Structure formats: C-alpha cells, structure tokens
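Engineer: Sharing a structure, written as structure tokens. Questions coming.
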Amino acid sequence: MGLPEYRKMKILNIRTAKIMASILIVFTLLSTRVNAQKMGVIRGYVRDKNTQEMAVGAVIIVEGINIRTSTDIDGNYKLSVPVGAYILKATYLGYNTLIKENVIVSSGNAQVVNFEMEPADSNLKEINITYDRGKMAKATDMVTPLSVQELTTEEIKSNPGGNYDVSKVVQTLPGVGSSSGGNSGPRNDIIIRGGAPNENVYYVDGIEIPVLNHFQTQGSSGGSTGILNVSFIDDVKLSSSAFDARYDNALASTFIISEREGNPDKLSGNFRISGTELAAMLEGPIDKKTTFMVSARRSYLQFLFEALDLPIRPNFWDFQYKVTHRFDEKTTFTAIGIGAIDNFNFANTRNSTPTDVYITGSLPYINQWNYTVGFALKRLINDGYMNFTLSRNMFNNALDKYENAEQVDSLRTFRLRSQEIENKFRWDINKYIGGWKISGGVMGEYVKYNANLYSQVTNPILDSIGNTIIPATKINFNSAIDFFKYGAFGSVAKNIFNDRLLVSFGIRTDMNSFLKTGNNPLNTLSPRLSFAYHLNSKWDLTASAGTYYKIPTYTTLGYRDSNNVLVNKDMKYIKSTHYVVGTQYLPDPSLRFTLEGFYKQYDNYPVSAATGVSLANQGGDISSIGSERILSIGKGQCYGFEFFVQQKLVKNLFYVFSYTYVRSQFSGIGSKFIPSSWDNQNLISTTLGYKFSGNWQLGLKYRYAGSAPYTPYDMTSSRQNYLLLGTGILDYSKLNSLRLSPFSELDLRIDKKYNFKKTDLDLFIDVQNLLLTPQESDPTYTFERNASNTGFVTTDGKPLKMDGSNAVPVILTNNSKTVTPTIGIIFEF
C-alpha cells in the first residue's frame, strides 16, 4: 500500500473510531429510556410438506414460557409474546414434531415462522422424536436427502460481514468459496465444491432469477453485491449435489429461495440506513385475500469513494415486489418482480497514485439494468398439488473502455451492447400416495440474445521504420439469435424398511433448437439416485450419484466470426457427474455434525480456441466472457470432503464451523489437468453469536481460504499492448502456475435493539477485516510513472512509444490491509 492509500485508510479508521464511540454512547443513553418489556407478534402457517395442504388444529408451543395456540381452519396461527428470542415447536397428530430455533420477536414487524411437517411412522398418534428428525427434514427432503444446507432470514440478517447479502452469507457454509478468497477481490462469485460461478442456478418462489447481483459478469453469475431484499426471505436452501430433477442447468448448486407473504393484518415495513445505502420496505393487506410487499434500495457508494479520494464511482438501485392472492383454500396466485440499475464510472482524484491510473485504465465503464417478473399459480389436488409459472427476464449490458479512460471514440478499445431475454413456462405435478412421493413436469423457454461487440485485442506490431509486421487483432460483430429450450423431468421417492431407508430417483432431459445436436433428448438424459439410511436415533448414512447438464452461455452461442458465421453451433451441453457419500450425527436436538466426501467429473467443458484455456477459470472479474470461438473438448474434476458443525441457539449461544478440502482441476486443449482459479484446497469458516441481556447481540465470523492459483504475465505481449488495454496480457503457457497468499478475515457485528410500543429500532456496527489482515489479489502489470504521476518514465527520456519499447514495466502487488466498517440503523413499524 502506497503512502497516499495509507493516509486515506488512517483518516478513515480514525473517523470510524470516533463514530463508533459516539454510537456506543447513544446506545447507552437510549438503554436508560426504553422499557425492555414490550410485546411482539409471531404468525405463520403449518402445512404438509409433501402435499402442501394446510394443517388445521396443529399446536404451536413457545418453549420456556406457558404460551401456545392452534392453527385455524386455514392453517394459520398468531401469537402475542414478550419481545425476545424463542424456540418454537409445532406438533400435529400423525406428523413428526418440528422445532424452529432462534426466533427473534420485536415490537415492530410481526415475526413470520412457517412450518412444513412430514408424516410420522404412525397415522394414529402424535410422535415426539428426541433426536429431532424434523430438523433434519427442514433442510433436506425426500428428493434431496443430502448435500443441503439452510439459512433462515434471521441468520442472514445477523451474519457479521454479510451486509444483508445472501451471496455473502452463504460463504459460511461447507463447500462454499468465493473470489474474495483469491483472484478478483471482494465479489459475490460463489464457488461450490470447486465449480465455476456460472454453474449455480437461483430460484425465488419457483421462478428462476438469472441475475442475482449488481454489476453482473455476463456469461457468469457473480457480481459485487446482491440484489435481493432480506426482509422478503423466509429461508434459503443450498443444494450442492443430488439436485431435484425439476431444476435445469445446475452443475454445482441450486439456490432455492422461499419468500414469505406480506402482513395480512396491518400496514408495516422497515427502513435501513447504513454507511453505503438506504433501503425501504412496505407490506400489508390489499384486501382479505391479498397481501403485498414492495421495496427499493439506493446506494451512495459514489459519495463514499469521493470522500476517500478513490477514482471509481459505483452507483446502483434495486427494486422488488411480491403480491399474493388466495382465490380459495386450494388455489394461490403469486406475482413477483426483481430489478436493478447499475452504473460504474470514473472521476479524477485529488491526489492521483499509480494505482488510481491503473484502475481507470483497466476497468470498463458499466451501465446495466435487469429485471425478472413472474407469475405462479399453485393448485392443491387430491394427495398433492400442481404449479404453473410464467416468467420473463431481461439483462441489458453496456460496457465501454478507452485508452487512459478518456471517453473519446478515437481512443475506444472496447464496446459492448448486449441483451439477454428469456420467456419461460413451467408446469409440474406433485403427488404423495401411500408413502410414495411422485413428481413430474415440463418446461418451455423462448430465448433472444443480441450483441454488438467491438474489441481491439492487440496493437499492430511495427518495425523500426513504422511498417506493420503484424496487424492489430480486433473482434467486431453484430449478432442476434433466438431459439427455444424445452425439457421434462420425473422423480419418485419412498421410505422403505420401516422408514429406515429412503430411496430417491429422478431423471431429466433438456433440448434446444439452436445447437446442431440440441434436439436429441438422449444426449442430455440425466439420471440421479440418492439414499439415506437411518441407523438409529442419532446417526444417518447418505449417498448419491447423478449426471447433470448445462447449456453453454448465450455470449458463446451468439458469437460470430469475421465471416458473420455462428461458429459455436457445434457445441455440446456441459456434463457433470457427481458421486457423494456422507453421514450425519445428531447428539441432541440442537447440535448437528455432518461429514461428506464428493467427486465431480466434467466433460464437454468450454475451451477457448484462441488461448487453449478452459472457461472454468473465468468469471471472476468485471467483464463479459465467452464471445469467441469455443470448443466443447474440456474435461475437469473436483473432489474433496466437508465437515460441518452447527449449534443452534442454546443458553444465548450459537455457532457454526465448517472445514472443506477441495481440489479443482480442468484441462484445456490437451488432456493435462491444471489447477483452476478456484483451487483453494482448504476452506475454513466459523460463525459465533451470543445474545446478552438488554437486547444486545455480538457476532463474530472468521473465514480462511488457501492459496488461490494465478497466471503470470507475458512480459513481451504486455509491453506491446499495455497502452491499448490498460493492463497486461497473461501467459497462458504458465496457466495458474503461481499462487497468492492465503486469504483470511475476521468480521465483527454488534446489534442493540430497542422495542417501543408498536415499533422497534436496531442500531448495528459491522466491521469487516477487524484485524487488518493483508488480503492479496492478482498482481497487476503497468508502466512506471514519474514522481509527479503525470506521465510514464522511459528508458531514453523520450515520449513513450505506442509499442511500449521504451517503457519501464512494473508489476504491482495487491496486498491491501483494509478494514471496512459499517454503521447502520433499522427502523421497523
């Protein structure tokens, strides 16, 4: 870190310390004025997990206090309890008892707690199971009995360093890594068991959400920060294998996000203000059968970076809504919408540094917007239910890059105008008959992709008198494609041997009208088989094997060569075959241990014809990937094991610990396996929380990721093209031959909640990288600047030549020690 950056961080840390001290004083003063004994509301529903039918007369018990109630004729319940943290238990005749921990009740918004219960062995008496089988079923189910983790909305909100961002919070789960542990700095590129970021799929209330982050990398799924409003979320389930056959295009994981419904009793909501953003959410009834939720968020990061004298100016908005209408007790209609607007620009700094110059020259200007709107109809039928969904999503991406970041057309080096549009229909039927869970369905999709791309990849190479030896390399095409995608699935699951052994089988096929072999259903036939054996009241054994397929990205399919030919129509679906074995140990109802080993084999992985490198290494930066000739010849393998411990809230303490050993290796042109960019090998995450009296809560989170591989620069090509590209060119003959230092970070969060008569106030301090641990990212190639930072140093004292032959190359190490404090207020009513 240079002297200007050090002074900026020193000033920031001093200011932060003063602000934090002031906030703590305010905490103390308010504590003397607020009566802690206030009342809050818990509400929700109880229903059968397999048939979705509401449970009438189920009993909800608040443990520790003598309060209980029963569900009404619609399966709903409502409780009024003193504010605080509780454990809720649901019991129902013929069903396993289900427990929900760490239910935080305040005097503001009602706390929503829903129960989905599974039938017990006997249909004639209530079963209370001491090993808490219901809790195991809360994350897993009959279709996916392993490799599943769950996060509740409370766990997302209170996660230190999570900043109310689902993509950041899931990084505490086993098998989950991110680019913040390696190459690209603090981004939301989710790496599951060594797979690339674009191998994950995301669903919200059954509707696929292709864009989940601001400043999305087109052709991947990462970005800088999440779009979803946590106040909408009921829970998030992450499956890292044994995927439900209803979900297409998943190679590494499925994120299944369930949203709650709006408050049916009154108008309520919340406001959140922090050092980087302002968010507002409103919910309530429209009529007796209809509720709504709506939110908006505005960042003001551009003002923060201006105050810190940094050259970047990121700025974003996001919006979300949900409307739920019940036609009758069997039919529910839901409409959801999610959208975002992102802008990324540059500005001159007061005290420019070589790092500032590099940033403005190497990154593009970004203007993006996206939306997803969807409609879902759920209809209960005898022994089951049907789902109908219609949705449309669009991603508009505009990227511009210039020499020296000067927005002049003659200096343009990159221009992209692109749109991805999908119109989708899905239908599925789900039945539960005689202990058999049977599901099936179809999907259809109409896709449009448009791209106008100009990219000057290299400068011309000239001789000593200025004659061109090798012309400049440029990509310039205008493409518009449209096609159909369609698929079908079926699955069946059954508990046998007195419910000791669960067997689940699913099969799926996907087709499309674009690829040359896309209409052959046998090419993507993907069976999957899972087992879960219940040894005794504390131990379970699990295993699964399955094959999964994903269509290549639209950026790849829409690429045209210099002859205007769509040259990638001969590509194949990417194939991944998973093998997993594991065990679960439940010593008591609140403590869980899991251990899983996994092996994933990849075929038909996309490989760049120009560089010979697998695209499994790309997707962790701000760009668009895939617009080139691609070959479906790559292979890959990811293998390792995960260990996970989870202690639910007991006596004010809860904690989570996970360790993952993972190897991620892919081949390009040739059969040699090379460590991918995500080959961190060792991942450790632990989160601890403690609830003190007086509504104080402390949270700590520690993350460690082993050394991430990176590729050195081709010094000759980098020198020749630096002025054009603003960055160096990698030497792919030495792909991922070097490694960064390990990543580690300790985050702290302190919450103090104040409950008033019908509102509450939460003041929080969140500090990322509390210990100022150095965090290394890829080094950067540049030319040495003069002492005043107004130009380049040259070897001959003359002006810098376009081919860089008289420049002085410099490799800048990126090993920052930055603490990121956030102070915020949440007001609920």
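The values are calculated or read from the model by the stated rules, or taken from the named source; none is laboratory data. Just so we're clear, the structure is a prediction, and the values are computed from it rather than from any experiment. Please note: Cβ atoms are built from the backbone with ideal geometry, for glycine as well, and neighbour counts cover all protein chains shown. Accessible surface areas use protein heavy atoms only, side chains included; no ligands, DNA or RNA. Shrake-Rupley method; radii C 1.70, N 1.55, O 1.52, S 1.80 Å.
Engineer: Tell me the angle of helix 715-725 to the major Cα principal axis of the chain, expressed in degrees between 0 and 90 and rounded to the nearest ten.
Structural biologist: The angle comes out near 80 degrees.
Engineer: Same structure again: So what is Rg over Rh here for segment 247-297, counting just Cα atoms and using Kirkwood for Rh?
Structural biologist: Over the Cα atoms of segment 247-297, Rg/Rh equals 1.16.
Engineer: Label segment 469-516 by shape, choosing from rounded, prolate and oblate, from the square roots a ≥ b ≥ c of the eigenvalues of the Cα gyration tensor; if a/c is under 1.5 it is rounded, and otherwise prolate applies when a/b is larger than b/c, oblate when it is not.
Structural biologist: prolate
Engineer: Bin all alpha-carbon pair distances of segment 442-544 at 5 Å intervals from 0 and give each bin's fraction as a whole percent.
Structural biologist: Per 5 Å bin, starting at zero, the Cα-Cα P(r) for segment 442-544 comes out as 3, 9, 11, 9, 8, 8, 8, 8, 7, 7, 6, 5, 4, 2, 2, 1, 0, 0 percent.
Engineer: In segment 706-829, if every C-alpha pair distance is counted and binned at 10 Å from zero, what percent goes to each bin?
Structural biologist: Taking every Cα pair in segment 706-829, the percentages come to 12, 25, 21, 18, 12, 9, 3, 0.
Engineer: Using a 1.4 Å probe and ignoring any ligands, DNA or RNA, find the accessible area of Tyr95 and quote it in Å² to the nearest 10.
Structural biologist: Looks like 40 Å² after rounding.
Engineer: If you don't mind, another one. Which semi-axes, in whole Å and largest first, does the equivalent ellipsoid of segment 582-640 have when worked out from the alpha carbon gyration tensor as the square roots of 5 times its eigenvalues?
Structural biologist: 39, 15, 7
Engineer: While we're looking at this one, here's another question. Could you give the length gained on full extension between Phe505 and Leu698, defined as 0.36 nm per residue of separation minus the Cα-Cα distance, in nm?
Structural biologist: That works out to 65.1 nm of additional length.
Engineer: Oh, and also: Between Ile286 and Thr577, what is the label-to-label distance in nm when each label sits 7 Å out along the Cα-to-Cβ direction?
Structural biologist: In this crude label model, Ile286 to Thr577 measures out at 5.0 nm.
Engineer: Taking every pair of distinct Cα atoms and averaging 1/r, then inverting, what Kirkwood hydrodynamic radius in Å comes out for segment 593-742?
Structural biologist: Evaluated over segment 593-742, this radius sits at 18.3 Å.
Engineer: Which whole number in µm²/s is D for segment 295-432 by Stokes-Einstein, with the Kirkwood Rh taken over Cα pairs at 20 °C and 1.002 mPa s?
Structural biologist: Diffusion coefficient, whole number: 116 µm²/s.
Engineer: Can you figure out the FRET efficiency of Asp409 with Ala610, using R₀ = 25 Å and their beta-carbon distance, to the nearest 0.05?
Structural biologist: Rounded to the nearest 0.05, the efficiency is 0.45.
Engineer: Under 1.5 on a/c is rounded, so check that first for segment 176-265, then, if it is not, pick prolate when a/b is larger than b/c and oblate when it is not; a ≥ b ≥ c are the square roots of the alpha carbon gyration tensor eigenvalues.
Structural biologist: oblate
Engineer: Among 672-681, 732-741, what's the highest-first ranking by average C-beta atoms within 10 angstrom per residue?
Structural biologist: Averaged packing, sorted descending, gives the order 672-681, 732-741.
Engineer: Continuing with the same structure: Quick one: angle between helix 3-31 and the longest Cα principal axis of the chain, in degrees between 0 and 90, rounded to 10, please.
Structural biologist: Roughly 20 degrees between the two axes.
Engineer: Still on this model: Roughly how many Å is it from the Cα centre of segment 373-412 to that of segment 417-438, as a whole number?
Structural biologist: When both Cα centres are located, 18 Å separates them.
Engineer: Using the Kirkwood radius built from alpha carbon pairs, what does the Stokes-Einstein equation give as D for segment 469-628 at 20 °C and 1.002 mPa s, in µm² per second?
Structural biologist: 111 µm²/s
Engineer: Ignoring ligands, DNA and RNA, what percent of the 1.4 Å accessible area of segment 182-331 is carbon and sulfur?
Structural biologist: 64 percent
Engineer: Rounded, prolate or oblate: which one fits segment 294-364, using the alpha carbon gyration tensor with axes a ≥ b ≥ c (rounded when a/c is under 1.5, else prolate when a/b beats b/c, else oblate)?
Structural biologist: Taking the square roots of the gyration eigenvalues as a ≥ b ≥ c, segment 294-364 is prolate.
Engineer: If I take every Cα pair under 8 Å that is 6 or more residues apart in the chain, average their sequence separation and divide by the length, what percent do I get for the relative contact order?
Structural biologist: Relative contact order comes out at 12 percent.
Engineer: Would you mind putting 518-530, 108-120 in packing order, based on average other-beta-carbon counts within 10 Å, highest first?
Structural biologist: Ranking the peptides 518-530, 108-120 by packing returns 108-120, 518-530.
Engineer: Another one. What accessible area per residue comes out for segment 313-392, rounded to a whole number of Å², with a 1.4 Å probe?
Structural biologist: Per-residue accessible area for segment 313-392 comes out at 44 Å².
Engineer: Next up: Report the Cα centroid-to-centroid distance between segment 655-712 and segment 52-124 in angstrom, as an integer.
Structural biologist: 35 Å
Engineer: Also, quick follow-up: Quick one: which of Lys157/Lys288; Lys330/Lys550; Lys322/Lys538; Lys100/Lys431; Lys49/Lys572 span more than 28 angstrom between C-alpha atoms?
Structural biologist: With Cα atoms farther than 28 Å apart: Lys157/Lys288; Lys330/Lys550; Lys322/Lys538; Lys49/Lys572.
Engineer: Moving on to the next point. In units of 2.2 N^0.38 Å, what is the alpha-carbon radius of gyration of the chain?
Structural biologist: 0.96
Engineer: Let me ask another. What whole-number distance in Å separates the alpha-carbon centres of segment 250-280 and segment 713-757?
Structural biologist: 30 Å
Engineer: Dividing the convex hull volume of the Cα atoms of segment 363-421 by its residue count, what figure in Å³ per residue is obtained?
Structural biologist: Spelled out: Cα convex hull of segment 363-421, divided by residues, is 78 Å³.
Engineer: So, one more: Using per-residue counts of other Cβ atoms within 10 Å, averaged over each peptide, order 557-570, 636-649 from highest down.
Structural biologist: My ranking of the peptides, most packed first, is 636-649, 557-570.
Engineer: Please report, in whole Å³, the volume per residue of the convex hull around the C-alpha atoms of segment 666-707.
Structural biologist: 66 Å³
Engineer: Here is a further query. Under 5 Å between amide hydrogens, which residues at least 5 positions from Ser676 or on another chain qualify, with H placed 1.01 Å from N in the peptide plane?
Structural biologist: Ser664, Gln665, Phe666
Engineer: If I take all pairs of Cα atoms in segment 542-633, what percentage of them are more than 14 Å from each other?
Structural biologist: 72 percent
Engineer: In the neighborhood of Gly374, defined by Cβ-to-Cβ distances under 12 Å, what is the net charge if each Lys or Arg adds +1 and each Asp or Glu adds -1?
Structural biologist: 0
Engineer: Using 0.36 nm per residue of separation minus the Cα-Cα distance, give me the extension gain between Ile469 and Asp72 in nm, one decimal.
Structural biologist: Between Ile469 and Asp72, full extension yields an extra 134.7 nm.
Engineer: Another question, then. How about Lys448: which lysines have a C-alpha closer than 17 Å to its C-alpha, ignoring those fewer than 8 places off in the same chain?
Structural biologist: The qualifying lysines are Lys424, Lys485, Lys569.
Engineer: With n ≥ 4 as the cut-off for DSSP H runs, can you work out [θ] at 222 nm for the chain, using -39500 (n - 2.57) per run divided by the number of residues, rounded to the nearest 500?
Structural biologist: -2500 deg cm²/dmol
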